[in-house]
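Comments concern the structure below.
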Amino acid sequence: MKVSNLRLITGLLVLPAILLQENLLGIGLQTVYVIVLALTHGRKFRILPNLVLLISVSAAHLLQPNGLHLLSIGGFPITLGALLLGARKACTLIALLYLSHFMASGKPQFPGRLGRLISLQFTFFDAIVTDWQTIHPKRPFIAAVDRLLFGLTGQEIDTTIPTTALSASLQTVLGSILHIVLLWLLFVFGAMEFLPSLI
Amino acid sequence: MTPHSESRQSTRIAFVALLAAFALFLSTVEYMIPKPVPFMRIGLANLPLLIGLGILNEREYLILALLKVLGQSLVTGTLFSYIVLFSFGGTVSSAFVMYVLYRYGRSWVSMIGISAAGAMASNITQLQLSRVILFGDAARLIAPPFLIIGLITSVILGVFAQQFTHQSRWYASCRHGGDR
């Protein structure tokens, strides 16, 4: 089995464990696990977008008061239930985002005509990135873009799909099984209330 | 299929892939531009969709829209996340509105109007999705700045697309090279 397919399958098998998780601590731990998984597979973690998502989704949920009343800001009630619900939802979204990063890190290839089209798109993309450096902003811009597009349209592009995808070793397969088991265990612990519910 | 029509078809497919690659390149450029607010988007990657209106047929245009979403989400790794829903919803709705306007209202709507209508369709779809997926009713709070910024950037993009379609020799050769 190819590494790209193995990561796709691992992600798909883990997806329900994250989506169905209702325990805040459980989803928090799953989120950290998935972020580490993405980081160890070459993806980057940026704190600010995740923080913005966490704060904005939690704040949006405050508009529907729910549970213990904590305090009021200018007559607006801040409730614990709404805050925790928002935080859980934000954690689910962040976990899904990094799971997606992990799944895509193996560079999955699509079969058939769609696969060839995407392959051709990326070949052109590489050529544009290379040729773009020759465009000078001071030149007439549209004429320069024209030259670039004419050059690319006339190019002979190889549209065959590269077959250099790595095969997964036994160690990689075992690692994937471990990820699936651990993330499902966190779901089970959350569902059976082995993890504190925080409310 | 004759060798001539086969080669013509592969040329058409190359046009679609080239425009999709250009969209991918522009979305990478946009990603590198610092933005004062997190939800602000310039929508540079919509430029190939605007240019494609005069070059591609319905099927090719739909493929271009799908390739734009797939390419972007593969590069950013968001293909299997909720973000792809925003990208897909926004792109497909704006592509649909722009295509219909171009086909049936070209004589009374300029490229600027088409660009603005496409951006509004995309932004409204994304606001609806954010209401369902992220923010609930609080989505209405981000609607005004989101729509206003979208309108301004789409007008600027429309001006560039209008200039490009009038001045570009490549665009002219594509239009004359293949009857849609």
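Every read-out reported here was derived from the displayed coordinates using simple, explicitly stated rules and does not represent laboratory data. Remember, predicted model here, so these are calculated numbers, not experimental data. We place every Cβ from the backbone using ideal geometry, glycine too, and count neighbours over all the protein chains shown.
Observations
- Average partner coverage of A:122-131, which counts Cβ from other chains inside 10 Å: 5
- Fewest-first ranking of A:LYS107, A:LYS89, using other Cβ atoms within 10 Å as the exposure measure: A:LYS107, A:LYS89
- The angle between the Cα long axis of helix A:3-19 and the main principal axis of chain A comes to about 30°, on a 0 to 90 degree scale.
- Long-range HN-HN contacts of A:ILE78 with modeled amide H, under 5 Å: A:LEU70, A:LEU71, A:SER72, A:ILE73
- For chain B, the longest principal axis of the C-alpha atoms and the axis of helix B:111-130 are separated by about 50°.
- Dipole-positive endmost among A:ILE177, B:ALA117, A:LEU39 within the protein assembly as shown (Cβ charges, Cα centre): B:ALA117
- Residues listed by number, region B:133-169, amide nitrogen under 13 Å from A:LEU63 label point at 7 Å toward C-beta: B:133-145
- Per-residue HN-Hα couplings for region B:102-110 [Karplus 6.51, -1.76, 1.60; θ = phi - 60°; Hz; x = Gly/Pro]: 5, 5, 10, x, 4, 6, 10, 10, 7
- Exposure proxy ranking, count of Cβ atoms within 10 Å, fewest first, for A:HIS179, B:HIS176, A:HIS101: B:HIS176, A:HIS179, A:HIS101
- Electrostatic bookkeeping for B:PHE80 treats Lys and Arg as +1 and Asp and Glu as -1; over the other residues with beta carbon under 15 Å from its beta carbon, the sum is +3.
- Both the radius of gyration and Dmax for chain A are 23.2, 67 Å, in that order, over alpha-carbon atoms.
- Across region A:21-33, coupling constants 3J(HN,Hα) worked out from phi with the 6.51/-1.76/1.60 Karplus curve, θ = phi - 60°, read 5, 10, 8, 4, 5, x, 5, x, 5, 4, 5, 4, 4 Hz, and Gly and Pro carry x.
- Interchain or long-range residues, amide H under 5 Å from A:LYS2's placed H: A:ALA168
- Spatial offset of region B:46-119 relative to region B:134-174 amounts to 11 Å, using the alpha carbon center of each.
- Projection of the Cα convex hull of the protein assembly as shown, averaged over all directions and equal to a quarter of that hull's surface, yields 22.2 nm².
- With the gyration tensor restricted to C-alpha atoms of region A:1-60, the semi-axes of the equivalent ellipsoid amount to 24, 16, 9 Å, longest first.
- Applying the criteria of a DSSP loop state and at most 12 other Cβ atoms within 10 Å to the chymotrypsin sites (Phe, Trp or Tyr not before Pro) of region B:88-180 yields B:TRP108.
- The Cα-based radius of gyration of region B:3-177, divided by its Kirkwood radius, gives an Rg/Rh of 0.98.
- The lysine pair count for chain A, using Cα distances under 26 Å and pairs eight or more places apart or on different chains, is 4.
- Order of B:MET120, B:MET98 - criterion: other Cβ atoms within 10 Å of each residue's Cβ, fewest first: B:MET120, B:MET98
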